[in-house]
Amino acid sequence: MSAGKIRVHNPMGYPPQITQVAMAPRESSLEGKTVYLVDCRFDDGDIFLQQMQNWFAEHMPSVQTVFRQKSGVYTQDDPVLFQEIKEKAAGVIVGVGH
């Protein structure tokens, strides 16, 4: 083994700058409102959200749920779907699987 110098790199890297965005205002009630259940196409999120849709039907039947899958993979934006949600929904649950 030589007694020369070695170079090492810090594996932690440098985190990107982020701009924090405030959460949307909370609805006082979901009675009679529409909630979108959006699957991001990642590891069985669709199965979980469909079970959640069944729960709403059984326990909160006045809440209309709309199950949708994003276009593309979970890392890509879906501006058409999210514009629809802004126009038609009181809330959204985005499921990303397990």
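Things to note:
- Of the residues Ser62, Ser71, the single one that is free of Cβ contacts under 8 Å to residues at least 12 places away in the same chain, open to solvent by 40 Å² or more (accessible area, probe 1.4 Å) and not basic (Lys, Arg) is Ser71.
- Residue match in segment 26-35 (condition: open to solvent by less than 100 Å² (accessible area, probe 1.4 Å) and without any contact (Cβ under 8 Å) to a residue 40 or more places away in the chain): yes
- Boolean, Lys5 is outside any loop (DSSP other than H, G, I, E, B), of a type in the set (Lys, Arg) and open to solvent by 90 Å² or more (accessible area, probe 1.4 Å): no
- First in segment 84-96 and in contact (Cβ under 8 Å) with a residue 24 or more places away in the chain, second anywhere and open to solvent by 60 Å² or more (accessible area, probe 1.4 Å) and not charged (D, E, K, R), Cβ under 8 Å, 6 or more apart: Ile85/Val92; Gly95/Phe48; Val96/Phe42; Val96/Tyr74
The values are calculated or read from the model by the stated rules, or taken from the named source; none is laboratory data. Keep in mind it's a predicted model, so treat the numbers as computed, not measured. Don't worry about glycine lacking a Cβ; one is built from the backbone with ideal geometry, like all the others, and counts go over all protein chains shown. Just the protein is used for accessible areas: all its heavy atoms, side chains included, with ligands, DNA and RNA removed. Shrake-Rupley method; radii C 1.70, N 1.55, O 1.52, S 1.80 Å.
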